Amino acid sequence: MHFTSRSAGIRSSRQASLIRRTALAAAIAALLPAVLPSAQASGFAVQDQSAASLGLGHLGVALSDDASTALSNVAATTELRGAHYALNLGGIRLGAKFSNQGSLSPAGTPATGGAQASADGAAPLLSFFYARPLAKDLSLGFALFTPFGLSTTYDSNWVGRYQVQKAELKTLSLMPSVAWRASDQLSLGAALNLIKTEATLRSAVDFGTVCFAAIGPTGCAGAGILPQGADGTATIKGSSWDLGFQLAAHLRPADGTRIGLQYKSRMRPEVSGDARFANPTLPGPFAALTQTPATSNGGIRSTLELPESVTLGLAQALNTDTELVAEYAWTRWSRLQDLRIRFANGAPDLVTRFGWQDTHKFGLGVKHRLDAQWLLRAGLETESSAVSDANRNPVVPDSRRTFVGVGARYQSSPTTSWDFGYGHIRFARSSINNAVLGQGTITGRYALDSDHIGVQFNRQFK
């Protein structure tokens with residue numbers, strides 16, 4: 001890659017490669033987390049689609065209590081009598097506090113900006129579920145929900161601004177399903193999952209460091225172009241459609257005992273979008289630095305790795321009023337080792353290392369009926385993280401977490417009910433030492449937590 005300039009130093013292919021990486025790597029290297037979900041489950045999955053599940057600690061694969069079964073276990077819709085629908089409105093607040101411990105700029109000097117930074121975010125969630133019988137042993141389900149989500153914004157001048165300033169993700173999933181009662185004890189189900197994703201990511205570009213590398217400190221300093229003193233911004237917007245599937249089983253081996261099993265398929269969406277730049281105005285020949293293919297608007301494509309998962313759950317009635325629920329989930333995040341970005345302008349691929357690991361989730365909950373109108377719920381889950389200290393990045397600085405949920409159902413009539421749920425995630429305190437060429441090094445500590453609320457209306461048509 002090269003561009004025209006009077007300065008011989010700018011003609012160097014090595015320097016041009018650094019310019020390309022400095023300008024684009026900060027935005028593109030974080031594209032995968034920005035096109036995946038926020039840190040509400042392992043990796044970036046969002047679990048808060050149902051207030052009933054939220055109040056039970058995100059458990060539900062063994063249950064068949066309302067129309068949200070069309071998501072939690074598509075096979076269990078055969079347990080519902082008549083047509084059901086549910087409308088859920090929820091919200092997530094994520095707090096991420098960063099404390100700087102020696103972060104460096106792209107030039108290798110101490111990073112300027114606030115030593116304390118916040119990456120707080122909040123997002124509403126809306127879900128709709130429907131299930132009805134088709135025939136004696138067949139049922140139909142439909143789920144409209146948000147499988148992934150992210151809304152993270154740092155202070156614009158924080159020390160890690162060259163890696164990320166803002167990441168936002170919006171997704172919508174449409175999932176029709178069918179279930180078959182194979183016997184009095186066993187039901188089987190299958191679903192197609194069509195997902196639409198839209199993502200926006202913004203980061204700063206240090207044109208002062210670009211100038212020092214391409215032309216030299218003497219000329220750039222003389223023109224007043226200094227590292228961390230001539231910033232631009234790079235914004236990426238991308239979107240994709242992808243299709244996956246789910247398979248499920250629901251078993252009733254004895255009265256009062258229910259077992260649920262669900263498999264979610266691997267998905268590899270092809271994200272396409274544009275990189276757009278807001279570059280500073282540089283004097284004279286230095287303006288050429290902002291007019292290269294690496295610092296000009298253009299298209300990108302990337303194949304993302306969304307792994308398969310398996311969830312197994314047990315619901316056991318202790319008596320007519322109380323039921324215990326247990327659940328285990330495994331997600332194959334170890335598929336996500338590298339991210340390869342392809343450039344429409346012919347620039348070499350950019351490969352970013354992630355090195356994630358599989359995650360395991362364990363949960364335990366209880367349901368207790370107080371009377372004919374009120375049902376109480378509570379649940380606890382703990383989950384490992386796909387991210388270790390060695391590969392943590394600032395887009396979603398994930399870590400091991402513990403979730404506690406409480407909730408209730410109010411039966412307002414024989415055919416209508418309301419679910420209420422609240423949950424809190426406590427993340428393990430974590431460290432980061434993320435060094436990326438052209439983006440600097442972020443070194444420090446994170447303290448994360450999140451709050452979750454949900455209200456769900458259920459209606460049955462007999």
- Message: Which residue is modelled with the highest pLDDT, if the candidates are limited to the stretch 291-324 and must be in a helix (DSSP H, G or I) and either open to solvent by less than 20 Å² (accessible area, probe 1.4 Å) or among the charged types (D, E, K, R) (or both)?
- Response: Thr295
- Taking into account only those residues within the stretch 424-462 that are open to solvent by 30 Å² or more (accessible area, probe 1.4 Å) and in a loop (DSSP other than H, G, I, E, B), which is farthest from Val210 (Cα to Cα)? Lys462
- Query: Can you name the residue in the stretch 116-142 that is of a type in the set (Gly, Ala, Ser) and under 30 Å from Pro397 (Cα atoms) and is also modelled with the highest pLDDT among such residues?
  - Reply: Ser127
- Message: Just checking, does the stretch 334-355 include any residue being farther than 23 Å from Ser272 by Cβ and open to solvent by 70 Å² or more (accessible area, probe 1.4 Å)?
- Response: no
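Rundown of residues vs (1) open to solvent by less than 20 Å² (accessible area, probe 1.4 Å); (2) farther than 19 Å from Gln439 by Cβ; (3) charged (D, E, K, R), yes/no style:
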position	(1), (2), (3)
Lys170	no, yes, yes
Met175	yes, yes, no
Ser183	no, yes, no
Ala230	yes, no, no
Ala234	yes, no, no
Ala249	no, yes, no
Arg252	no, yes, yes
Arg258	no, yes, yes
Gly273	yes, yes, no
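Matching residues to (1) more than 29 Å from Ala294 (Cβ to Cβ); (2) at pLDDT below 90; (3) among the basic types (Lys, Arg):
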| position | (1), (2), (3) |
| --- | --- |
| Gly160 | no, no, no |
| Ala182 | yes, no, no |
| Gly189 | yes, no, no |
| Leu192 | yes, no, no |
| Ala199 | no, yes, no |
| Pro217 | no, no, no |
| Cys220 | no, no, no |
| Ile225 | no, no, no |
| Ser239 | no, no, no |
- Message: Please count how many residues of the stretch 198-228 are surrounded by fewer than 24 Cβ atoms within 10 Å (Cβ to Cβ), touching a residue at least 40 places away in the same chain (Cβ under 8 Å) and of a type in the set (S, T, N, Q).
- Response: 2
- Query: Looking at the stretch 131-148, is at least one residue touching an Asp or Glu at 6+ places or on another chain (Cβ under 8 Å) and either in a loop (DSSP other than H, G, I, E, B) or under 25 Å from Leu54 (Cα atoms) (or both)?
  - Reply: no
- Note on the structure: Cβ pairs under 6 Å, 6+ apart or interchain, first in the stretch 296-324 and farther than 21 Å from Thr352 by Cα, second among the hydroxyl-bearing types (Ser, Thr, Tyr), ordered by first then second residue, are Glu308/Ser265; Ser309/Thr331; Val310/Tyr263; Leu312/Tyr328; Gln316/Thr257
- Note on the structure: Going through the stretch 149-187 in order, the residues found to be of a type in the set (A, V, I, L, M), out of contact with any Ser or Thr (no Cβ under 9 Å at 6 or more places or on another chain) and in a strand (DSSP E or B) are Leu174, Met175, Leu186
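The values are calculated or read from the model by the stated rules, or taken from the named source; none is laboratory data. Quantities reported herein were computed from a predicted structural model and do not represent experimental measurements. Cβ: placed from backbone, ideal geometry, glycine included. Neighbour counts: every protein chain shown. Accessible surface is based on the protein model in full, side chains and every heavy atom, while ligands, DNA and RNA are left aside. Shrake-Rupley method; radii C 1.70, N 1.55, O 1.52, S 1.80 Å.
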